[in-house]
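The values are calculated or read from the model by the stated rules, or taken from the named source; none is laboratory data. Since the model is a prediction, treat every value here as computed from it, not as a measurement. Backbone-built Cβ (ideal geometry, glycine too); neighbour counts: all protein chains shown. Ligands, DNA and RNA are stripped out before the accessible areas are found, and what is left, the full protein with its side chains, is counted by its heavy atoms. Shrake-Rupley method; radii C 1.70, N 1.55, O 1.52, S 1.80 Å.
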Amino acid sequence: MTSGDDSPPLSRVGSADCECRRLRFFPGWVLKTKTYFSRNSPVFLLGKCYHFKTEESGELSTDGSNFDKINTEISGNVEEFRKDFISRIWLTYREEFPQIKGSALTTDCGWGCTLRTGQMLLAQGLMLHFLGRAWVWPEALDMDSDCESWTSHTVRRLTASLEASLSAERDLPPRQAPRGTRGSRDRAESRSDAYHRKIISWFGDSPPAAFGLHQLIEYGKKSGKAAGDWYGPAVVAHILRKAVEEARDPELQGVTVYVAQDCTVYSSDVIDRQCSFLDSGKAGTKAVIILVPVRLGGERTNTDYLEFVKGILSLEYCVGIIGGKPKQSYYFAGFQDDSLIYMDPHYCQSFVDVSIKDFPLESFHCPSPKKMSFKKMDPSCTIGFYCRTVQDFEKASEEITKMLKSSSKEKYPLFTFVKGHSRDYDFASSPLHEENDLFSEDEKKRLKRFSTEEFVLL
């Protein structure tokens with residue numbers, strides 16, 4: 001089976017559920033991936049640009065067979081892209097996790113893909129917040145992208161790592177105290193590794209995980225959704241906002257999420273969220289992840305929006321797009337020419353207990369990117385941005401506004417930034433916290449409309 005641009009359409013496969021049941025991780029099972037990148041066009045990944053150009057013409061394949069040769073030919077550019085891509089957190093279908101409250105389900109295979117892509121977007125925002133955009137996973141290039149044995153290799157590493165993590169005692173040699181520059185570097189790497197693991201643990205598939213599937217489903221119930229339902233990208237945006245608001249880990253108190261209302265970002269509402277620390281007497285402001293549910297056309301995506309989407313994905317503070325094909329969600333993270341680069345959640349992997357010390361990390365990182373023509377994109381999507389400070393937000397809003405104006409061929413842009421509060425425009429301002437109900441009545445009405453993916457097209 002091949003994937004990427006050679007993927008069979010959903011109608012041939014039968015259903016998303018059918019496809020996911022084929023794509024399970026078993027020893028000896030073969031995962032063949034073949035995604036082609038042009039040597040003559042730049043590749044963008046979440047604000048970073050890579051060039052694969054060499055003296056030879058043609059295309060490069062990421063199926064594993066040509067990587068060593070390519071790395072030599074283009075002096076590390078492909079290697080840097082691979083390292084960057086693999087370092088992003090990949091969240092997929094899982095099975096055999098603790099039963100979801102109120103149901104008999106122990107897997108999200110076939111229905112949870114949009115929740116997974118929403119998790120990936122939020123994970124990228126948290127990586128920017130705690131690790132920075134320059135961070136890459138030191139073991140990224142240890143991931144085997146060879147199509148002949150990637151799954152078998154991964155399962156062996158997962159098994160070995162899990163057995164080690166479950167071992168009652170380990171005979172580790174005593175580590176000498178670091179000193180000087182090397183000591184500082186070791187401490188920085190240790191801190192980054194700790195945050196890397198902590199971020200993944202927040203998305204674990206068990207009830208205590210702040211942004212795990214179990215918690216997200218609980219918040220989804222407030223908008224009429226249940227485990228086993230299909231979630232749209234707009235509903236997931238509101239669920240993510242509520243999950244971040246309700247998170248109790250002290251590390252997460254410096255982050256907030258704002259969801260645009262009816263394709264409008266109200267600047268004063270965003271800044272109020274960022275400055276909520278000041279109201280409680282704490283110093284500093286919060287970082288904000290801004291989520292903008294939009295629709296890129298009617299029944300099909302309007303290709304006029306292509307340049308805007310590419311512009312968004314080329315911004316350093318973009319954290320990706322929750323989108324996909326109809327009824328099949330992907331996390332879009334980059335592009336080359338008129339094709340979007342994405343991470344696919346439709347792989348049903350086994351549950352990993354992230355509460356165990358040194359839990360295996362390999363299944364949370366994707367070894368190979370996929371590409372899809374922009375024309376195949378479902379028009380319903382949610383765009384995400386991360387702004388660390390109020391100044392960053394103001395700069396981002398100015399830059400995005402210019403991009404919106406220049407890319408809009410119509411009278412009205414895809415979404416807008418407006419000065420002031422939503423209440424100034426006769427919209428009810430969403431409360432930050434409510435005691436007995438996680439969603440206000442205004443939010444419930446909006447979520448009900450979003451759940452059917454109906455948007456007002458200007």
- request: Determine, yes or no, whether Gly224 is open to solvent by less than 10 Å² (accessible area, probe 1.4 Å), touching a residue at least 40 places away in the same chain (Cβ under 8 Å) and not in a helix (DSSP H, G or I).
  value: no
query: Within the range 263-350, which helices (runs of 4 or more DSSP H) (wholly inside it) include 1 or more residues that are touching a strand residue (DSSP E or B) at 6+ places or on another chain (Cβ under 6 Å) and within 18 Å of Tyr50 (Cα to Cα)?
result: 306-313
message: Testing Gln274 on (1) in contact with a Lys or Arg (Cβ under 9 Å, 6 or more places away or on another chain); (2) closer than 14 Å to Cys387 by Cβ; (3) open to solvent by 20 Å² or more (accessible area, probe 1.4 Å), one condition comes back false. Which one is that?
response: (3)
message: The conditions are (1) under 30 Å from Thr106 (Cβ atoms); (2) open to solvent by less than 30 Å² (accessible area, probe 1.4 Å); (3) not in a helix (DSSP H, G or I), and Ser363 fails exactly one of them. Which is it?
response: (3)
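This table checks each residue for (1) over 23 Å from the mean Cα position of the chain (by Cα); (2) open to solvent by 10 Å² or more (accessible area, probe 1.4 Å).
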position	(1), (2)
Gly334	no, no
Ile341	no, no
Ser373	no, yes
Asp378	no, yes
Thr389	no, yes
Asp424	yes, yes
message: What's the number of the only condition in (1) of a type outside the set (Gly, Ala, Ser); (2) open to solvent by less than 10 Å² (accessible area, probe 1.4 Å); (3) not in a helix (DSSP H, G or I) that Lys357 fails to meet?
response: (2)
